[in-house]
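Worksheet: the structure to be examined is printed underneath.
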Amino acid sequence: APFLTGDDFARLSAMAHEMSRALDESRLEAYADLDRSFHELIRLRCPNRFLAETVERMWSRLDRIRQSIFVMAPDRARGSLQDHYQIVQSLREKAPAAVMERLVEQHQLAGRDAYLAHRRRALAKES
């Protein structure tokens, strides 16, 4: 995060605003693409190449789920967007690493929980 530039913050903010417009217009696939770009910009600034590559591999493996989570659980998209605003603000303020870790972990767990809740509902309908 200390390697993010002023231009990066402007791009992240612009992406977040475009994500909000996409939600307002029910363009969930566009939202998912912007979500990927948002995370990608932050990942590209990570000076730890091993960590950045590991995150990229994880994202590639989870892309199908991640792309569809906002369609399956559209309420999660609004929560995700709020997480993004909070993460960007905390990065700008140079929040301590522990704070950033907690925000990112909560963001990830909320996505996982939304996916699992959708799967439980789908399985219940099949029964």
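Numbers below:
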read-out	value
Leading residue at positive end of dipole, the chain (Cβ point charges), from His118, Ser20, Phe9	His118
Net length gained if the chain between Lys94 and Glu53 were fully extended (0.36 nm per residue, minus Cα distance)	12.4 nm
Rounded, prolate or oblate (a/c below 1.5 giving rounded, otherwise prolate when a/b exceeds b/c) for segment 1-60 by Cα gyration tensor	oblate
Zero-based 10 Å bins, Cα pair distances in the chain, whole percents	12, 42, 35, 9, 2, 0
Tilt relative to the chain, helix 97-126 - C-alpha long axis, 0 to 90 degrees, to 10	10
0 to 90° range, to nearest 10: angle between helix 74-92 axis and the chain longest Cα axis	10
For segment 69-127 and segment 3-47, distance of Cα centres in Å	15
Angle in degrees between helix 28-44 and the longest Cα principal axis of the chain, rounded to the nearest 10	30
Residue among Arg78, Arg43, Arg57 with the largest mean-square fluctuation in a Gaussian network model of the chain, springs linking Cα atoms under 10 Å	Arg57
Solvent exposure ordering (accessible area, 1.4 Å, most first) of Ser80, Ser68, Ser60	Ser60, Ser68, Ser80
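The values are calculated or read from the model by the stated rules, or taken from the named source; none is laboratory data. In this text, all values refer to a predicted model and were calculated from it rather than measured experimentally. No Cβ is skipped: glycine too gets one built from the backbone with ideal geometry, and neighbour counts run over all protein chains shown. Each accessible area value is taken on the protein alone, full model and side chains, heavy atoms only, with ligands, DNA and RNA left out. Shrake-Rupley method; radii C 1.70, N 1.55, O 1.52, S 1.80 Å.
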